[in-house]
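The values are calculated or read from the model by the stated rules, or taken from the named source; none is laboratory data. In this text the structure is predicted, and so the values were computed from the model without any measurement. Quick reminder, even Gly has a Cβ in these numbers, built from the backbone with ideal geometry, and neighbours come from all protein chains shown. Remember, those area values only see protein heavy atoms, side chains included, never the ligands or the DNA or RNA. Shrake-Rupley method; radii C 1.70, N 1.55, O 1.52, S 1.80 Å.
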Amino acid sequence: DRFPAECDGRRTPVPRVRAQFLDGQSVQLDGKLDDPVWNVAPPASGFRVWDPDRGKIPSEETIFKVAYDREALYFAVACLENDPSRVSFNLSRRDRFSNSDLVSVYIDPYLDHITGYNFKVNPLGVQMDSYVYNDGDQDQDWDAVWEAETFRDERGWYVEMRIPFSAVRYRPAEEMTWGLQVYRYMHGRGEDT
């Protein structure tokens, strides 16, 4: 098995992924996913279509991993493509997506399913973020300082994100469980997974 059952959305109703502690290692944000931590962090996959055909197996696979150090959370997302020419992307200003594929990460640090943060990036590295409240309303004017880099090759496109803990509110504890949702939107195919 490539993916642990608890990290596979097709084998468990509520998948879980454990973030890998960097323990002195670093992540070079370049979108290439070749840092040593990405070789040992548990992979999560098994995405299903959210819209338009909820529950269907998507046309393309998505894999992500999570790591952290004392300062930030790191995400590595591989958006695999059978035909990379189908990836849709447009360069735009921050917080202004236009007709692009994208990766969207929702973080729920209080695990209350009501409030949280959303970080999005398209294949050209254009960023968008928002504060989520009241079970789905979003404050698009909220802006955090965070980083994202992307990379494209013949197998698809990739994202590395660094979200400082200082960008989000949370209750520090020895062990923490946060809610996390990762979405991939394929603009040209109208699939939201």
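Data table
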{"read-out": "Residue in region 76-94 that is nearest to VAL145 (Cα to Cα), counting only those that are in contact with a Ser or Thr (Cβ under 6 Å, 6 or more places away or on another chain) and assigned to a loop (DSSP other than H, G, I, E, B)", "value": "SER92"}
{"read-out": "Residue tally, condition of a type outside the set (Asp, Glu), farther than 18 Å from LEU29 by Cα and either free of Cβ contacts under 8 Å to residues at least 12 places away in the same chain or open to solvent by 90 Å² or more (accessible area, probe 1.4 Å) (or both), over region 150-175", "value": "6"}
{"read-out": "From the options GLY9, GLY55, residue that is at positive phi and among the small types (Gly, Ala, Ser)", "value": "GLY55"}
{"read-out": "Search result, residues across region 104-146 that are open to solvent by 60 Å² or more (accessible area, probe 1.4 Å) and assigned to a loop (DSSP other than H, G, I, E, B)", "value": "TYR110, LEU111, HIS113, ILE114, LEU124, ASN134, ASP135, GLN140, ASP141, ASP143, VAL145"}
{"read-out": "Complete set of residues in region 81-103 that are open to solvent by 70 Å² or more (accessible area, probe 1.4 Å) and out of contact with any strand residue (DSSP E or B) (no Cβ under 7 Å at 6 or more places or on another chain)", "value": "ASN82, SER85, ARG86, PHE89, LEU91, ARG93, ARG96, ASN99"}
{"read-out": "Residue that is modelled with the lowest pLDDT, among those in region 46-63 that are open to solvent by 20 Å² or more (accessible area, probe 1.4 Å) and not in a loop (DSSP other than H, G, I, E, B)", "value": "ASP51"}
{"read-out": "Subset of region 10-33 (residues that are open to solvent by 100 Å² or more (accessible area, probe 1.4 Å) and either in contact with a Cys (Cβ under 8 Å, 6 or more places away or on another chain) or at pLDDT 95 or above (or both))", "value": "ARG16, GLN28, LYS32"}
{"read-out": "Cβ pairs under 7 Å, 6+ apart, first in region 107-124 and closer than 15 Å to TYR170 by Cβ, second in a loop (DSSP other than H, G, I, E, B) and of a type in the set (Asp, Glu)", "value": "ILE114/ASP135"}
{"read-out": "Lone unmet requirement of (1) over 24 Å from THR62 (Cβ atoms); (2) part of a loop (DSSP other than H, G, I, E, B) for PHE97", "value": "(1)"}
{"read-out": "Extreme residue, nearest to VAL17 (Cα to Cα), among residues of region 181-193 that are under 13 Å from the mean Cα position of the chain (by Cα) and open to solvent by 60 Å² or more (accessible area, probe 1.4 Å)", "value": "GLN181"}
{"read-out": "Residue that is closer than 21 Å to TRP50 by Cα and touching an Asp or Glu at 6+ places or on another chain (Cβ under 9 Å), where the choices are GLY116, GLY125", "value": "GLY116"}
{"read-out": "Residue within region 28-45 that is closer than 25 Å to ASP153 by Cβ, in a strand (DSSP E or B) and not aliphatic (A, V, I, L, M) present", "value": "yes"}
